[in-house]
Amino acid sequence: MAPSGVNQLSHPCVYGEFVSSYAERKSRFMKWLSKLFRSGNNRGGTSGNRNHQLIGDENMVWRAPFRSVDERSRTQKEKEELDHAIALSLAEDSKRHRGYRWQDKDNELARSLQDINPPIYPPHAPPVPQHNPYAVPQHNTICGGCQQDIRYGNYLGCMGTFFHPQCFCCRSCGRPIVENEFSLSGRDPYHKSCFKELAHPKCEVCHQFIPTNQAGLIEYRCHPFWSQKYCPSHEHDNTARCCSCERLESWDARYISVGDGRSLCFECMESAIMDTGDCQPLYHAIRDYYEGMNMKLDQQIPMLLVERQALNEAIVGEKNGLHHMPETRGLCLSEEQTVTSILKRPRIGGHQLIGMRTQPQKLTRRCEVTAILVLYSLPRLLTGAILAHELMHGWLRLKGYRNLNPEVEEGICQVLSYMWLETEVMPGFKNMPSTSTCAASSSTSSSSSKKGGKSNVEQKLGEFFMHQIAHDSSPAYGGGFRAANAAVNKYGLRRTLDHIRLTGNFPL
């Protein structure tokens, strides 16, 4: 076979003649290979055609030397011997099964060739590791729960760290989280059910999770002072509401039915005033409070505790005056009327009041004020705030303040009610529109009205009644109070009252 200009060997192969032993085959082949490289290095020439020889996949470039005729015959002879050796080797391999012994020796021979001419393999991208939350770590990993090494077994990768499965626990209940989904608050994991129990608001009336609306949002009502959360449906399903503190009745705590359509919670019932006799000490204490601010009431104005129906009838018979809707709880009466008052306090029977005794009483007008009527069964602080408000109406009429617009008259009466509550809820409060002597006198008089010390419940109720006055949305009671309070804080009570007498309005 005539030699060509280029010899190509496409894959690494084992070359040599088939001999009786593996050592002889390898020795003869290596001798031939070293002879071939020596002859190529010793021959040379600077003229003639230059050809290239590519060996294997390594793309190595060799310069082929110029050969004479004798050299060509020698090369041709060596080539024929090589071809003969390859043919014998292939024939022998086709007859034999590839056992481990022959395969190992052939592999060693192939590796010897690769050591001489190492192959160059094409570049490839490393495989992308697949995330498995429960897999055996390849290296020692610190558990985010117990802070121990995860040496063997399954582990969980989450939130940028790793855990033993039994160490990935709910922040709320402390049990392991084995579900595929969980809730996360900051870096604290929770069972979905535990997180719902913790974060999803519950109705404080029916004690169920507040349902979502049609838009999928959690919609609920919340009292602005008590922060009582409840389902919107309870505003229309006849759930009872306390007539004093306005909280809705919980399904696990029944309210007391007063008997006139009103209900009272147990906290408000603790300090409720039930009849006219019980209210007399409080009434006289508030009159003393007025006297301490140099606003003495010259006339003895009767005071009666009445039922809701009797109060509404008296409102109908009254020609003048503005009444707080939808619920009026006190009235400064100017006309002569017959009013049914409560003579004997009722007692609690089951969840209602029973055994109440009433008595009709004819009220005769002796001055500008006939009587002061207050709704019964209200807590002591609320009853006192109503009395302070109605007494201010009486004081204005007795002192000749005529034809005041509702915002001015109701506003200044609310200020006196608010001021009295301040002395009850905050006994050390000294920001009063009077001298220090009057402040001390009013504080003493208010202290005399107490039936012992106030409980935390009563203290909180007093703060709520002050909140009601300050945040009333009605123009006369709410807007009037805020305007009157601003004037009193700026000019004092006496100068504000003098300005009202002269102009009929608050000083600016």
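Taking the criterion of being over 21 Å from Phe225 (Cα atoms) and either without any contact (Cβ under 8 Å) to a residue 60 or more places away in the chain or open to solvent by 40 Å² or more (accessible area, probe 1.4 Å) (or both), the residues of segment 256-273 that qualify are Ser257, Gly259, Asp260, Gly261.
Just to check your reading of the model, which residue among Asn489, Asn456 is polar (S, T, N, Q), at pLDDT 95 or above and either open to solvent by 60 Å² or more (accessible area, probe 1.4 Å) or touching a Ser or Thr at 6+ places or on another chain (Cβ under 6 Å) (or both)?
On the way: Asn456 fails: at pLDDT 95 or above.
Within the list Asn489, Asn456, the selection yields Asn489.
Yes/no matrix, rows are residues, columns are (1) part of a helix (DSSP H, G or I); (2) in contact (Cβ under 8 Å) with a residue 60 or more places away in the chain:
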position	(1), (2)
Pro224	no, yes
Ser233	yes, no
Arg254	no, yes
Tyr283	yes, yes
Asp298	no, yes
Asn312	yes, no
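Taking segment 498-508 as the range and being surrounded by fewer than 20 Cβ atoms within 10 Å (Cβ to Cβ), of a type in the set (A, V, I, L, M, F, W, C) and assigned to a helix (DSSP H, G or I) as the test, only Leu502 passes.
When you check Ile386 against the structure, is it assigned to a helix (DSSP H, G or I), open to solvent by 10 Å² or more (accessible area, probe 1.4 Å), of a type in the set (A, V, I, L, M, F, W, C) and closer than 28 Å to Ile256 by Cβ, yes or no? When the stated conditions are applied, Ile386 passes them.
When the residues of segment 322-362 are narrowed to those that are surrounded by 16 or more Cβ atoms within 10 Å (Cβ to Cβ) and small (Gly, Ala, Ser), which ends up modelled with the highest pLDDT? Only one residue tops the list, namely Gly330.
Here Gln280 meets each of (1) closer than 29 Å to Lys202 by Cα; (2) open to solvent by 30 Å² or more (accessible area, probe 1.4 Å); (3) not aromatic (Phe, Trp, Tyr) with one exception, condition (1).
Of all residues in segment 187-219, those satisfying the criterion of being open to solvent by 70 Å² or more (accessible area, probe 1.4 Å) and over 30 Å from Asn238 (Cβ atoms) are Arg187, Lys192, Ser193, Leu198. Residues in segment 144-200 that are out of contact with any Lys or Arg (no Cβ under 7 Å at 6 or more places or on another chain), outside any loop (DSSP other than H, G, I, E, B) and small (Gly, Ala, Ser): 4 in all.
The values are calculated or read from the model by the stated rules, or taken from the named source; none is laboratory data. This structure is a prediction, so every number in the text was calculated from the model and none was measured. Cβ coordinates were reconstructed from backbone atoms using ideal geometry, including for glycine residues, and neighbour counts include every protein chain displayed. Ligands, DNA and RNA are excluded from the accessible area calculation, which covers all protein heavy atoms including side chains. Shrake-Rupley method; radii C 1.70, N 1.55, O 1.52, S 1.80 Å.
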